[in-house]
Amino acid sequence: EDKVVQSPLSLVVHEGDTVTLNCSYEVTNFRSLLWYKQEKKAPTFLFMLTSSGIEKKSGRLSSILDKKELFSILNITATQTGDSAIYLCAVGNAGGTSYGKLTFGQGTILTVHP
Amino acid sequence: NAGVTQTPKFQVLKTGQSMTLQCAQDMNHNSMYWYRQDPGMGLRLIYYSASEGTTDKGEVPNGYNVSRLNKREFSLRLESAAPSQTSVYFCAYGTSGTDTQYFGPGTRLTVL
């Protein structure tokens, strides 16, 4: 059974802080790792990583994958109150015939205080 | 995600009642998914459809049925609702050739 574990489960910081969110996984046939941000409603896509050691970056957010050690980190620099959300990590399994069967972690609840 | 609509937004049912959650995507993608989200448990896959006319069970299919009516629509049915099915339900579509999925706004269901 595929397994995705995120840590910490919750995190409280102040504006301007830098945070690192962790995602470790056990997947029989790894294909991709995805990060999502969930505010009040639907999860919104942030990054998809497939190759080890290559950083994906979007503004103050960046993510990197380590396929040898089976984990990924999501960094957010100079946090803002608008970064407050649940951050979800998911892993895609290459087994089977179709894309998109994802296993999600529990999520990390990030709260950024002014 | 404007490409996915879900109805209703909220629903309260009594134990034993039935209902259908509707989902439609306007992006002409083949794959569609139904998830439930419970506190502290992330998203769990209920059913998915790789293409029109096909459906498969996910991680937590018990108590649910699905219909892929056409390429646009993928509905989720609860035949006899139970309090354990109180949850937020998300529909999603997947882009061809990748694992990336895009989610609808969700339906908050309460079963009393």
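The values are calculated or read from the model by the stated rules, or taken from the named source; none is laboratory data. These figures come from a predicted structure and were not determined experimentally. Every residue, glycine as well, gets a Cβ built from its backbone with ideal geometry; the counts of neighbours run over all protein chains shown.
Can you give me the number of residues within segment B:1-19 that are in a strand (DSSP E or B) and within 14 Å of residue B:88 (Cα to Cα)?
Our first condition is that a residue be in a strand (DSSP E or B); within segment B:1-19, this holds for B:4-7, B:10-13, B:19.
With within 14 Å of residue B:88 (Cα to Cα) added as a condition, the list becomes B:6-7, B:10-13.
Of the residues in that region, 6 qualify.
I'd like the residue in segment A:21-38 that is surrounded by 13 or more Cβ atoms within 10 Å (Cβ to Cβ) and of a type in the set (S, T, N, Q) and, out of all such residues, is modelled with the lowest pLDDT. Full working, then the answer.
Just the residues of segment A:21-38 that are surrounded by 13 or more Cβ atoms within 10 Å (Cβ to Cβ), to begin with: A:21-27, A:30-38.
Okay, now just the ones that are also of a type in the set (S, T, N, Q), so A:22, A:24, A:32, A:38.
Details: A:22: 98, A:24: 98, A:32: 92, A:38: 96.
Filtering segment A:21-38 for residues that are surrounded by 13 or more Cβ atoms within 10 Å (Cβ to Cβ) and of a type in the set (S, T, N, Q), the one modelled with the lowest pLDDT comes out as A:32.
Quickly run through segment A:50-83 and pick out the residues that are among the small types (Gly, Ala, Ser) and in contact (Cβ under 8 Å) with a residue 40 or more places away in the chain. Walk me through it before giving the result.
Filtering segment A:50-83 for residues among the small types (Gly, Ala, Ser) gives A:51-53, A:58-59, A:62-63, A:72, A:78, A:82.
Correct list: A:72, A:78.
Restricting to segment B:23-39, name every residue that is of a type outside the set (Ser, Thr, Tyr) and part of a strand (DSSP E or B). Walk me through how you get there before you give the answer.
Residues of segment B:23-39 of a type outside the set (Ser, Thr, Tyr): B:23-30, B:32, B:34, B:36-39.
Hits for segment B:23-39 are B:23, B:24, B:25, B:32, B:34, B:36, B:37.
Identify, please: which residue in segment A:36-48 is facing chain B (nearest Cβ under 7 Å) and in a loop (DSSP other than H, G, I, E, B) and is, among those, nearest to the chain's Cα centre (by Cα)?
Only one residue fits best here, namely A:42.
Are any residues in segment A:4-20 within 11 Å of chain B (Cβ to nearest Cβ) and part of a strand (DSSP E or B), and if so, which ones?
Within segment A:4-20, A:4, A:5, A:6, A:10 meet the criteria.
Answer yes if at least one residue in segment A:21-35 is at the interface with another protein chain (Cβ under 10 Å from one of its Cβ atoms) and within 20 Å of residue B:36 (Cβ to Cβ), and no otherwise.
From segment A:21-35, those at the interface with another protein chain (Cβ under 10 Å from one of its Cβ atoms) are A:31-34; that's our starting set.
From what is left, the residues that are within 20 Å of residue B:36 (Cβ to Cβ) are A:34.
Within segment A:21-35, one or more residues are at the interface with another protein chain (Cβ under 10 Å from one of its Cβ atoms) and within 20 Å of residue B:36 (Cβ to Cβ).
When the residues of segment B:70-109 are filtered to those that are within 16 Å of residue B:6 (Cα to Cα) and among the β-branched types (Val, Ile, Thr), which remaining residue is surrounded by the most Cβ atoms within 10 Å (Cβ to Cβ)?
Residue satisfying both the conditions and the ranking: B:107.
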